[in-house]
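These notes concern the structure reproduced below.
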Amino acid sequence: MGYRCAILGCGGRAAGHARAYELIDRGELVACCDLLEERATSFAEQFAIPRWYTDLDEMLEAEELDVVQMVTTPTIRYSLMKQLSDARVPAVIVEKPIAIGADDYRQLRELEAESDTKFVVNHQLRYHPRVLDLLEHVQSGGIGEVRCLDASAMLPMNGQGVHVLDLMFAFAGYIEFSAVQGACAGFDDINGTHPSPESASALISFVDGTRGVLQSGEGVPVMAQDQPRHMHKRIATYGTTGMTHWTMHSWEKTVDGELQTGEHVYAEEDTQGQANLTNATFDWIEDDDAVAPTNLATSLDEWLVILACYYSTVHKTVVEFPFDPPDDLLEQYIDFVGAKWENPHA
Ligand SMILES: NC(=O)c1ccc[n+]([C@@H]2O[C@H](COP(=O)([O-])OP(=O)(O)OC[C@H]3O[C@@H](n4cnc5c(N)ncnc54)[C@H](O)[C@@H]3O)[C@@H](O)[C@H]2O)c1
């Protein structure tokens with residue numbers, strides 16, 4: 001039967017997690033859980049999941065789970081992750097964005113340091129077949145030495161900016177960064193649960209001299225005509241001898257100086273990417289050294305870039321690393337732009 005897996009939170013995004021099991025043969029969904037009974041039952045029926053719950057503790061006690069896929073909103077990350085860690089769940093896949101501010105960032109850092117649970121953040125984009133192909137090309141020296149990364153998304157930072165930031169780290173080879181200069185404007189709380197600037201940009205200096213340009217929200221490059229706002233994620237990687245460029249619709253890469261191009265269907269790539277991420281989680285359960293690239297520690301490093309953007313904007317300064325953000329940094333930013341926001345789950 002393989003790994004016993006369950007979905008926690010049966011809202012809009014959870015279907016993408018469940019659909020991936022059509023491509024997975026090392027585990028199966030044995031249960032799902034949502035506070036709202038109607039959501040839990042209809043989700044269980046839609047994906048033929050044998051048991052459903054409305055209480056997490058009850059599910060954990062009954063099911064002896066290997067993996068929980070936490071598909072809940074970012075305003076309630078820490079408490080649920082701590083509950084799963086205390087229950088000694090071996091691995092948890094947790095949706096992006098990993099945090100909303102600096103106080104939850106700090107709690108998650110502490111949890112990451114003390115927990116035996118293997119937390120994988122759900123940047124399934126990192127595992128799309130096309131992205132894996134381009135990453136392999138870059139990592140094997142196909143474009144020479146990486147010098148500049150340019151990533152953008154039309155939805156705000158906490159909606160999709162974090163996905164392309166994660167890709168930037170992957171294409172940069174996860175090297176450390178030394179400074180961030182950010183500029184954020186406006187406020188958008190996306191469904192009340194994803195507090196974010198309306199637009200944000202960051203110049204990132206990596207320690208080896210590589211430059212990163214990250215932009216989200218208004219004013220980003222439009223990647224295809226007549227497409228909704230969420231269909232404009234992209235990342236370009238420029239090296240000493242060539243480049244790669246991934247968008248949600250197309251790809252480009254130079255091979256021995258020749259430009260190759262093609263197209264792909266995002267939805268197909270995404271289901272395979274979700275299956276690949278789930279399999280990477282199984283690999284990590286089996287082998288402590290097979291750490292999933294989108295692990296919690298790495299995702300928190302990436303989140304620090306977003307916090308540096310807030311700090312840079314509010315305090316009008318470049319942020320040098322190491323950087324220890326003040327706990328109330330999100331509130332400082334919200335005050336700075338003159339907005340009001342209350343965490344619905346506080
Ligand atoms: N990776 C991606 O491509 C992608 C795409 C879309 C959304 N997301 C992310 O997925 C997350 C979820 O988004 P969504 O649109 O599905 O949200 P949603 O609000 O539709 O669903 C969340 C569900 O979690 C349930 N829930 C909350 N607390 C719970 C608890 N303690 N126990 C059981 N159930 C609980 C809610 O009742 C709700 O049904 C967000 O962080 C979002 O950013 C990721």
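Read-outs throughout are calculated quantities, based only on the coordinates presented, and are distinct from any laboratory measurement. All values reported here derive from a predicted model rather than from experimental measurement. Cβ placement follows ideal geometry from the backbone for every residue including glycine, while neighbour counts extend to all protein chains displayed.
Under the simplified labelling scheme, the Thr241-Gln139 pair shows an inter-label distance of 1.9 nm, with each label point 7 Å from Cα along Cα→Cβ. In nm², what is the average projected area of the convex hull enclosing the Cα atoms of the range 214-346? Orientation-averaged projected area of the Cα hull: 13.0 nm². About its Cα centre, the range 126-267 has a charge dipole of approximately 60 debye under the convention of +1 per Lys or Arg Cβ and -1 per Asp or Glu Cβ, with nothing else charged.
The Cβ shell under 14 Å around Pro156 holds other residues with a net charge of -1, Lys and Arg each +1, Asp and Glu each -1.
By the scheme Lys and Arg +1, Asp and Glu -1, what is the net charge of all other residues having a beta-carbon under 12 Å from that of Ala200?
Here the charged neighbours net out to -3.
The residues Met231, Met248, Met81, when put in order of fewest to most other Cβ atoms within 10 Å, stand as Met231, Met248, Met81. Within the range 87-184, the trypsin sites (Lys or Arg not before Pro) that combine a DSSP coil assignment with at most 12 other C-beta atoms in a 10 angstrom radius are Arg88.
For the range 91-180, the list of GluC sites (Glu not before Pro) that fall in a loop by DSSP and count at most 14 other C-beta atoms within 10 angstrom reads Glu145, Glu176. The alpha carbons of the chain occupy a box of 54, 48, 42 Å along the principal axes, longest dimension given first. The calculated FRET efficiency for the pair Asp301 and Thr41, based on their C-beta separation and a Förster distance of 30 Å, comes to about 0.15. For the chain, the residue among Ala48, Leu214, Pro326 whose Cα projects farthest onto the positive side of the dipole built from Cβ charges is Leu214.
By the beta-carbon count within 10 Å of each Cβ, the least crowded to most crowded order of Tyr105, Tyr78, fewest first, is Tyr78, Tyr105.
Rounded to the nearest 20, the Cβ-based charge dipole of the chain about its Cα centre (Lys and Arg +1, Asp and Glu -1) stands at 860 debye. Note on the range 1-157: Cα Rg divided by 2.2 N^0.38 Å, N the number of residues, gives 1.16. Non-local lysine pairs in the chain, meaning eight or more places apart or on different chains, with alpha-carbon distances under 27 Å, amount to 7. Backbone phi angles across the range 195-204, fed through the Karplus curve with coefficients 6.51, -1.76 and 1.60 (θ = phi - 60°), yield HN-Hα couplings of x, 7, x, 5, 9, 8, 9, 9, 9, 10 Hz in residue order; Gly and Pro are listed as x.
For the range 118-127, 3J(HN,Hα) computed residue by residue from phi via the Karplus equation (6.51, -1.76, 1.60; θ = phi - 60°) reads 8, 9, 10, 8, 7, 8, 5, 4, 4, 10 Hz, glycine and proline entered as x. With the charge dipole of the range 14-156 set up from +1 on Lys and Arg Cβ and -1 on Asp and Glu Cβ about the Cα centre, the Cα lying farthest toward the positive end among the listed residues Gly141, Tyr105, His17 is that of Gly141. Taken as entire DSSP H runs, the helices of the chain that both span 20 Å or more between Cα atoms along their own long axis and average -1.0 or more on the Kyte-Doolittle scale are 266-286, 296-315.
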